[in-house]
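> Next up is a structure, given as structure tokens.
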Protein chains: 2
Amino acid sequence: MTVYPAKQHFAAVAAHLGASSGVILVNGGETLIHPDSDTEYIFHQDSNFYYLSGIAEPSFAAAYDISTRTAILFVPHVSADEAVWVGVPPSLEEYRVAHGFDAAHYTNEVDAVVSSLKANEVFKLPESDKLRKAVHEARVFKDDCEIAIMRRANQISSAAHTTLMKEAKLGMNEAELRGRFVGLVLAQGCSYEAYGSIVAGGRNAAVLHYTKNNMALGADDVVLVDAGGTYGNYASDITRTWPVGPRFSDKAREIYAIVLDMQKAVISACAPHKQWEDMHALAARVAAEGLLRLGMLTGDLESIVENFVVGYFMPHGIGHLIGIDTHDVGGYPAGTERIDKPGLRYLRARRELLPRMAFTVEPGLYFVDAILAEAKATPAVAQHINFDVVASYRSVGGVRIEDNIVITESGNENLTSECPKEIADIEALRASAYNQ
Amino acid sequence: MTVYPAKQHFAAVAAHLGASSGVILVNGGETLIHPDSDTEYIFHQDSNFYYLSGIAEPSFAAAYDISTRTAILFVPHVSADEAVWVGVPPSLEEYRVAHGFDAAHYTNEVDAVVSSLKANEVFKLPESDKLRKAVHEARVFKDDCEIAIMRRANQISSAAHTTLMKEAKLGMNEAELRGRFVGLVLAQGCSYEAYGSIVAGGRNAAVLHYTKNNMALGADDVVLVDAGGTYGNYASDITRTWPVGPRFSDKAREIYAIVLDMQKAVISACAPHKQWEDMHALAARVAAEGLLRLGMLTGDLESIVENFVVGYFMPHGIGHLIGIDTHDVGGYPAGTERIDKPGLRYLRARRELLPRMAFTVEPGLYFVDAILAEAKATPAVAQHINFDVVASYRSVGGVRIEDNIVITESGNENLTSECPKEIADIEALRASAYNQ
């Protein structure tokens, strides 16, 4: 088994810190307990700590002596009494080797060990903002080990999405799909859902942060499934939208085809030195062209673009950095501001694409009554929208297609390549669900 | 749909408080975010607040004017901007009716509304220890609505356990069983696992708080599955132990039969006015008789009982109160101390059984090396143990059988009655897994 490159991550952080000496000290997360109860929350490791340790268990710490390049792991001591209940833990040496550290001590020795390093400066999380920024910047660039883990997270989650398309039938409700998804990714070694899954049938897909996941699926609906498992502490974040019946309705198919065009255009364009907000703009332009063809938008394409009309149909950003966190750190480097325009104001990253950055590409088109009312009340926008045509697509609710990519030297690698998204492939899977 | 009896729960708490006037004020839980991240923990409502509101969403509050018996719900306001993302929420009136309150306001009115009640005293959680004790004591006694919810939680979880027995095959690992279980209970409307599931094959069952759930299952092993879903905010907590192959090994069957005897004896005995520690003692006595028959224990039964020898094979208590929390509140009324003896020191309740109390009944027998070493080093205990016989059962790991019961006027109702535990029924299910 590959050792998670925690020590290399410390070195990368030291480089971003620009320090040639000093000690970096980070504490891992502690188990959280529900108030007035002894029930534990399912443990999620602190993301920065995981990056610097590869340790998924609570109550550890880690340090790195920058000048001597020495990585030190601190392990919580398990007493003989506790071991009766939790099992005999690995030894310090076993932990040290398994995680690629140079030394290992118990956590009650943190102060003594750090003192003995006689550092001119100790950088500590969460106290040091400078260290936090350096860790965030290091986390933006994924090494081969991290990419391999993310590839696996995507494979597992892609297989689960595919199983849903193959199994879901009319009569099921959203909770059954969500349960099936979670069960499948846990069974394949994921620790938990990377985020609260969205399983939204029909008009529920027009609720962008839909969390109820408990409604019956309608025969003419498409269902939007935004769900991903966390594997080896790395998130996957995948959305597929597909018909509850064996085939897309004509209206749903037309919207789906535009969203697929948007996504393919962006994925084709993602390459080093592009700007992420330009990827958003590209998606909006492809959407505008498609919606013009449907007659939902009218008038001049450039005016539609300039007035951010598509932002009323895709109110969210084109995607975000992804890694240990689903919405990973580093999207807005210091000094970069949000763009206060429809759609763009929720863009979760603004920076130059560089190799080893991982992004979601998740265009969507939605028919949200409240947003359409706002569009209607905004003359510069309303002039470009045929609201009768919009009304005829309202029942589609919303469509989103989301893959995870990693920028390479020449373009990008799609980590979600095993999850079907072509209309013909989806309809073949949906037909098979009804032919069993 | 039945309205959750939140207002009646306030009245019960007021009665336990012994106050004829004053206001009870409780805040619901808030969404928790992972540190240095925007990922939310899956929301779990504060248990005391759920009991007094029936509200499973974050950021609510509730008050009760004791003298006028007025229950007031406080609802967080959702702005039009937020509603675009989360959907249009129910109105105040819709919330009021759905939850059986007398009045509803937004949460920014808590202070004004409470002031307007001109109460001589405001009892607030978590500040008031007196209120906390009254809420805990009220929660000990489940009303018909709560029992119906717990019955459903048990049905769903029982069905999931049964599916595992029907589907699990050699070659699977523990994670697959856990994933399947979680998927099944979520699909049937549970919100989450009630606690961290334990799926422990073979010797892993001797790790009492086993959490890894990631090992392959062995052909000759039994697997211990301790898992339950939370439905309608009420926990279920069920354990079944069954062979990975189609039949129990002789050794496993012998241990299983004793544990089943222990459980049946306790469930038969559970009735009003019994003491919970006597239920533990009964289980220990039945175990001693069974282990004497196997030749694992030797000597005089009364001496075995007096020396708590069974506590080295069942180091945990016979069970605990269950309700909104898996380990529910109220097990040790003020002034009641733990009994510092093997097995008993971890008993989670010591009180008189009364109608409407809900308990788990979860006897087990385990072969934990560290505990057996302690037994060997304790002459009064060691004299009663044939360690050669113990060694011949070591590979069984551990067996536990756990049901949830509610004390009735005449005895008890077993909420877990739909989950097979007879050897013949289990072996029929296991055989069917291999005959597909």
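> So what's the back-of-envelope 222 nm ellipticity for chain B, counting only DSSP H runs of four-plus at -39500 (n - 2.57) apiece and dividing by all residues, rounded to 500?
Working: 15 runs with 166 residues, N = 436.
Here the helix-only value at 222 nm equals -11500 deg cm²/dmol.
> Calculated FRET efficiency, B:ALA219 and B:VAL389, Cβ-Cβ r, R0 30 Å, to nearest 0.05? Could you put the intermediate results ahead of the total?
Numbers: r = 24 Å, r/R0 = 0.79.
With a Förster radius of 30 Å, E is 0.80.
> Which angle from 0 to 90°, rounded to the nearest 10, does the C-alpha axis of helix B:423-434 make with the longest principal axis of chain B?
Value to nearest ten degrees: 90.
> Past 24 Å, Cα to Cα: identify those pairs from B:LYS7/B:LYS130; A:LYS274/A:LYS341; A:LYS212/B:LYS421; B:LYS341/B:LYS421, in the order given.
On the way: B:LYS7/B:LYS130 19 Å; A:LYS274/A:LYS341 20 Å; A:LYS212/B:LYS421 35 Å; B:LYS341/B:LYS421 30 Å.
Where the Cα-Cα span goes over 24 Å, the pairs concerned are A:LYS212/B:LYS421; B:LYS341/B:LYS421.
> I would also like to ask the following. If you scale each eigenvalue of the Cα gyration tensor by 5 and take the root, what three semi-axes come out for the stretch B:296-363, rounded to whole angstrom and sorted largest first? Can you show the working numbers first?
On the way: eigenvalues 138, 33, 22 Å².
Gyration-tensor ellipsoid for the stretch B:296-363: 26, 13, 10 Å.
> Once you keep just the Cα pairs under 8 angstrom separated by 6 or more residues, what percentage relative contact order results for the stretch B:6-140?
Working: 216 pairs, mean separation 43.5, N = 135.
For the stretch B:6-140, the relative contact order is 32 percent.
> If you fit an axis through the alpha-carbon atoms of helix B:6-17 and take the longest principal axis of the Cα set of chain B, what angle between them do you get, 0 to 90°, nearest 10?
Value to nearest ten degrees: 80.
> Right, something else. Using θ = phi - 60° and the Karplus curve 6.51 cos²θ - 1.76 cosθ + 1.60, what whole-Hz ³J(HN,Hα) does each residue of the stretch A:193-203 get, with Gly and Pro shown as x?
Rounded to whole hertz, the list is 4, 5, 6, x, 4, 10, 10, 10, x, x, 5.
> Something else now. To the nearest 10 degrees, how steep is helix A:174-187 against the longest Cα principal axis of chain A, on a 0 to 90 scale?
Helix A:174-187 sits at roughly 30 degrees to that axis.
> Scan the stretch A:1-87 for chymotrypsin sites (Phe, Trp or Tyr not before Pro) in coil per DSSP, keeping those whose Cβ has at most 16 other Cβ atoms within 10 Å, and list them by number. Please list the in-between numbers first.
Details: sites: A:PHE10, A:TYR41, A:PHE43, A:PHE49, A:TYR50, A:TYR51, A:PHE60, A:TYR64, A:PHE74, A:TRP85; in loops: A:TYR41, A:PHE43, A:PHE60.
Listed in order of number, the matching sites are A:TYR41.
> Between the stretch B:105-165 and the stretch A:374-391, what's the alpha-carbon centroid distance in Å?
One Cα centre to the other: 47 Å.
> Here's another thing I want to ask about it. Highest GNM mean-square fluctuation, chain B, Cα pairs closer than 10 Å: which of B:LEU170, B:LEU353, B:LEU365?
Comparing B:LEU170, B:LEU353, B:LEU365 in the GNM, the peak value goes to B:LEU170.
> Additional query: Taking the protein assembly as shown as the region of interest, what is the percent of Cα-Cα pairs per 20 angstrom bin, listed from the shortest bin to the one with the maximum distance?
Histogram of Cα-Cα distances, whole percents per bin: 14, 41, 37, 9, 0.
> Over all Cα pairs of the stretch B:381-434, how is the pair count split among 10 Å bins, expressed in % and running from 0 up to the last occupied bin?
Percent of Cα pairs in each bin: 17, 27, 28, 25, 4.
> Over its Cα atoms, what ratio of radius of gyration to 2.2 N^0.38 Å does the stretch B:6-140 give?
Numbers: Rg = 15.4 Å, N = 135, 2.2 N^0.38 = 14.2 Å.
Normalised Cα radius of gyration, the stretch B:6-140: 1.08.
> In addition: Filter the GluC sites (Glu not before Pro) in the stretch B:287-377 to those in DSSP coil with at most 11 other Cβ atoms within 10 Å of their Cβ, and list the result.
On the way: sites: B:GLU289, B:GLU302, B:GLU306, B:GLU337, B:GLU352, B:GLU374; in loops: B:GLU337.
Taking the stretch B:287-377 and a limit of 11 other Cβ atoms within 10 Å, the loop GluC sites (Glu not before Pro) found are B:GLU337.
> Which distances, in nm and shortest first, link the B:ASP220 label point to the same label point in every other copy, taking 7 Å along Cα→Cβ?
Ordered by distance, the counterparts are at 6.3 nm.
> Can you give me the long-range amide H partners of B:TYR192? Hydrogens built in the peptide plane at 1.01 Å from N, cutoff under 5 Å, separation of 5 or more residues or another chain.
B:THR230
> State whether the stretch A:332-429 is rounded, prolate or oblate according to the following rule on the C-alpha gyration tensor (a ≥ b ≥ c being the square roots of its eigenvalues): a/c under 1.5 gives rounded; otherwise a/b larger than b/c gives prolate, and the remaining case gives oblate.
Values: a/c = 3.40, a/b = 1.26, b/c = 2.69.
Verdict is oblate for the stretch A:332-429.
> Put the label 7 Å from Cα along Cα→Cβ for B:GLU302; what are its distances to the other copies, in nanometres, shortest first?
Here B:GLU302 shows inter-copy label distances of 10.5 nm.
> Same structure, new question: Which distances, in nm and shortest first, link the B:LYS124 label point to the same label point in every other copy, taking 7 Å along Cα→Cβ?
Listed shortest first, these distances are 3.3 nm.
> State whether the stretch A:197-326 is rounded, prolate or oblate according to the following rule on the C-alpha gyration tensor (a ≥ b ≥ c being the square roots of its eigenvalues): a/c under 1.5 gives rounded; otherwise a/b larger than b/c gives prolate, and the remaining case gives oblate.
Numbers: a/c = 2.04, a/b = 1.11, b/c = 1.84.
Judged from the Cα gyration tensor, the stretch A:197-326 comes out oblate (a/c at least 1.5, b/c at or above a/b).
> How far, in nm, would the chain grow between A:ASP278 and A:THR408 when pulled straight, counting 0.36 nm per residue and subtracting the alpha carbon separation? Numbers along the way, then the final one.
Values: separation 130, 0.36 × 130 = 46.80 nm, distance 1.80 nm.
Separation in residues times 0.36 nm, less the Cα-Cα distance, equals 45.0 nm.
> Additional query: How many Cβ atoms of partner chains, on average, are near each residue of B:29-41 if near means within 10 Å of its Cβ?
On the way: counts 2, 0, 0, 2, 0, 7, 8, 11, 10, 7, 11, 3, 5.
Shielding by partners across B:29-41 averages 5.
> List the GluC sites (Glu not before Pro) within the stretch A:398-436 that DSSP assigns to loop and that have no more than 12 neighbouring Cβ atoms inside 10 Å.
A:GLU409, A:GLU422
> Which Cβ of chain A lies nearest the axis of the rotation superposing A onto B, and at what whole-Å distance?
For the rotation taking chain A to chain B, the closest Cβ gives A:GLY183, 1.
> Right, something else. Can you pull the Kirkwood radius for the stretch A:144-434, inverse mean 1/r over Cα pairs, to one decimal in Å? Show your work: numbers first, answer last.
Values: mean 1/r = 0.0526 Å⁻¹.
When all Cα pairs of the stretch A:144-434 are included, the Kirkwood radius is 19.0 Å.
> Given H placed on each backbone N at 1.01 Å, which residues far from B:LEU415 in sequence or on other chains put an amide H within less than 5 Å of it?
Result for B:LEU415 returns B:ASN404, B:ILE405, B:VAL406.
> Whole-Hz Karplus ³J(HN,Hα) for the stretch A:137-152, in order, using 6.51 cos²θ - 1.76 cosθ + 1.60 and θ = phi - 60°, x for Gly and Pro?
5, 5, 5, 5, 9, 8, 8, 4, 5, 5, 5, 5, 5, 5, 4, 5
Just so you know, all these numbers are worked out from the coordinates, no wet-lab data involved. Just so we're clear, the structure is a prediction, and the values are computed from it rather than from any experiment. We place every Cβ from the backbone using ideal geometry, glycine too, and count neighbours over all the protein chains shown.
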